[in-house]
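The values are calculated or read from the model by the stated rules, or taken from the named source; none is laboratory data. Model, not experiment: these values are computed from the prediction. Neighbour counts run over all protein chains shown; Cβ positions are idealised from the backbone, glycine included. Keep in mind that these areas ignore ligands, DNA and RNA; they rest on the heavy atoms of the full protein, side chains included. Shrake-Rupley method; radii C 1.70, N 1.55, O 1.52, S 1.80 Å.
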Amino acid sequence: MKTIIEPFRIKMVEPIRLTTPGEREAILQAAHFNPFLIPAEAVLIDLLTDSGTAAMSSEQWAGMLRGDESYAGAKSWYRFEAAVREITGMSHVLPTHQGRASERILFELLGGPGKFVPNNTHFDTTRANVEHSGATAVDLVIEAGLHPRGRHPFKGNMDPSKLHGLIAEVGAENIPVCMVTVTNNSGGGQPVSLANLREVRRICDAHHIPLYLDACRFAENAYLIKMREPGQRDRPVRDIVRDMFNLADGATISAKKDGLVNIGGVLLMRDDRLAERANNLLILTEGFVTYGGLAGRDLEAMAQGFREVLDEDYLHYRLRSVEYLGEGLLKASVPIIEPPGGHAIYIDAGAFLSHIPPEQFPGQALLCALYRHAGIRAVEIGSVMFGRTDPETGEPIRPPMELVRLAIPRRVYTQSHIDYVIEAIGELAATKDQIRGLRITEAPAVLRHFTAKFAEVG
Ligand SMILES: Cc1ncc(COP(=O)(O)O)c(C=O)c1O
């Protein structure tokens, strides 16, 4: 059967409405051509992020009612801790309000000036937290991960030779931790293989460098391992997940992705002494160690979400619907990162809008065109998000790709919503030469994509 059956039925609905072209034009101007500044009510299909946008299940809502709001040692905390331990096998489970809070604690402990943190590709908040600590964030994804159209099955893999090179260059003593992001969000939502994790682990062991996962999408990564890595097809996803965590000394997790919740995060560790220091920082800014800035009901929803995400019918539907969007866009001759990854389709905006140079932000220009044409919101992952000026030379530093990410919220949209997106982008392809570039009129010093303002060029 070709139809992708959503393995759930809908119990509650939230109306959405298509605005008129005139309304969208006024809204886009008022938002200074930055979709982050558009009110959600004015968006028809919101593909800005898959983070914190999942629809919760009836069991998660039931858990919310069971939430124990005791300050210390709540029943909800113990249920949450048990669920996370059972899945990951990690000894220390620290609840945080979201992924970046876990990152801030980790890099406050391990980062600092003169240190280098390798990753396949740092996500923006991870890079920002590494740099905020004074350390340098280094991206070491394999060469194939930088080429949009090569169909390598694990384009999220870290390049072992690049890791060797970094260690030789800066010294293992200056690398306090090696991170691997699964799946590799900023590199196209591409998975990392078990074989690659084992190889990275071997190198880290040889140099006494701890290995941490940025494991926001651990279940999607594990399902892609099951589908694509030789010898994994018949193994339960739960076992593959455990293999991934067994290779790590710890993990930062934003539960807003594969935790299937709207808020929440986790910091995982095996090292007792480091965990004690992390708990002290947790208390300082997040909350007591058994709630970490969350309500008991949030812990319940996370505990249930982490279990549900391992359901293989769910994972099949999830990965297949993302792939379906990718196939539709390819049929419409829209260049995307191939093969489709876990949570999103990434349009190669640099190639799609080849008449717009990187300094005029082709990704951001495509976002605006998508909203104007069809009320669809997406996010740029390119020169707006990662472009900077070299402090020494004054030259612009640009990311290797200019992408637009269409992130699919979990369990929210149906196949007909996805068909609408395919149709809208297909129509846009016919008139793409009329899309204009942008210039920045105002931007903050860090994480500028959230609040920067733009004007259209020419
Ligand atoms: C790979 C990755 N790491 C970290 C984060 C940060 O998580 P949060 O938004 O919960 O702070 C994200 C969020 O999108 C992510 O995709």
Exercise. Yes or no: GLY292 open to solvent by less than 20 Å² (accessible area, probe 1.4 Å), within 16 Å of the ligand (Cβ to nearest atom), modelled with pLDDT of 95 or more and in contact with a Lys or Arg (Cβ under 8 Å, 6 or more places away or on another chain)?
Worked result: no
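Would you confirm, using the coordinates I've provided, whether VAL237 is more than 25 Å from ALA101 (Cα to Cα) and open to solvent by less than 10 Å² (accessible area, probe 1.4 Å)? Write out each step before concluding.
Numbers: more than 25 Å from ALA101 (Cα to Cα): yes; open to solvent by less than 10 Å² (accessible area, probe 1.4 Å): yes.
So VAL237 passes the test.
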For this session: Output the qualifying pairs, or none if there are none: Cβ atoms under 7 angstrom, residues six or more apart or on different chains, first residue in the stretch 110-123 and at positive phi, second residue in a loop (DSSP other than H, G, I, E, B) and surrounded by fewer than 23 Cβ atoms within 10 Å (Cβ to Cβ).
Result: GLY112/SER133; GLY112/GLY134; GLY112/ALA135
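Which members of the stretch 414-447 meet the condition of being touching a strand residue (DSSP E or B) at 6+ places or on another chain (Cβ under 7 Å) and surrounded by 21 or more Cβ atoms within 10 Å (Cβ to Cβ)?
Residues of the stretch 414-447 touching a strand residue (DSSP E or B) at 6+ places or on another chain (Cβ under 7 Å): 417, 420-421, 424, 436, 438-442.
Result: VAL421, LEU438.
Name the single residue that is nearest to ASN185 (Cα to Cα) among those in the stretch 315-343 being touching a Pro at 6+ places or on another chain (Cβ under 6 Å) and surrounded by fewer than 21 Cβ atoms within 10 Å (Cβ to Cβ). Write out each step before concluding.
Initially, the stretch 315-343 is screened for residues touching a Pro at 6+ places or on another chain (Cβ under 6 Å), giving 317, 322-323, 326, 337.
Next, only the ones that are surrounded by fewer than 21 Cβ atoms within 10 Å (Cβ to Cβ) stay: 317, 323.
Working: TYR317: 20, GLU323: 16 Å.
Result: GLU323.
Test VAL130 against the stated conditions and say whether it is open to solvent by less than 50 Å² (accessible area, probe 1.4 Å) and either within 15 Å of PRO210 (Cα to Cα) or within 16 Å of the ligand (Cβ to nearest atom) (or both). Reasoning before the result, please.
Details: open to solvent by less than 50 Å² (accessible area, probe 1.4 Å): yes; either within 15 Å of PRO210 (Cα to Cα) or within 16 Å of the ligand (Cβ to nearest atom) (or both): yes.
Against the criterion (open to solvent by less than 50 Å² (accessible area, probe 1.4 Å) and either within 15 Å of PRO210 (Cα to Cα) or within 16 Å of the ligand (Cβ to nearest atom) (or both)), VAL130 qualifies.
Each row is one residue, and each column tells you yes or no for (1) more than 16 Å from the ligand (Cβ to nearest atom); (2) touching a helix residue (DSSP H, G or I) at 6+ places or on another chain (Cβ under 8 Å); (3) closer than 18 Å to VAL138 by Cβ; (4) open to solvent by 20 Å² or more (accessible area, probe 1.4 Å).
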| position | (1), (2), (3), (4) |
| --- | --- |
| LYS162 | yes, no, yes, yes |
| GLU169 | yes, no, yes, yes |
| CYS178 | no, yes, yes, no |
| PRO191 | no, yes, no, no |
| ALA195 | yes, no, no, yes |
| ARG198 | yes, no, no, yes |
| TYR212 | no, yes, yes, no |
| ALA222 | no, yes, no, no |
Exercise. So which residues in the stretch 84-139 are more than 27 Å from SER193 (Cβ to Cβ) and assigned to a helix (DSSP H, G or I), if there are any at all?
Worked result: ALA101, ARG104, ILE105, GLU108, LEU109, ALA128, GLU131, HIS132
Problem set entry | Unmet requirement for GLU86, which otherwise passes all of (1) in contact (Cβ under 8 Å) with a residue 40 or more places away in the chain; (2) open to solvent by 10 Å² or more (accessible area, probe 1.4 Å) | (1)
Seminar exercise, completed: Flagged pairs (Cβ under 7 angstrom, 6 or more apart or on separate chains; first in the stretch 180-194, more than 14 Å from PHE218 (Cβ to Cβ) and in a strand (DSSP E or B); second open to solvent by less than 10 Å² (accessible area, probe 1.4 Å) and within 10 Å of the ligand (Cβ to nearest atom)) are GLN190/THR183; GLN190/ASN184
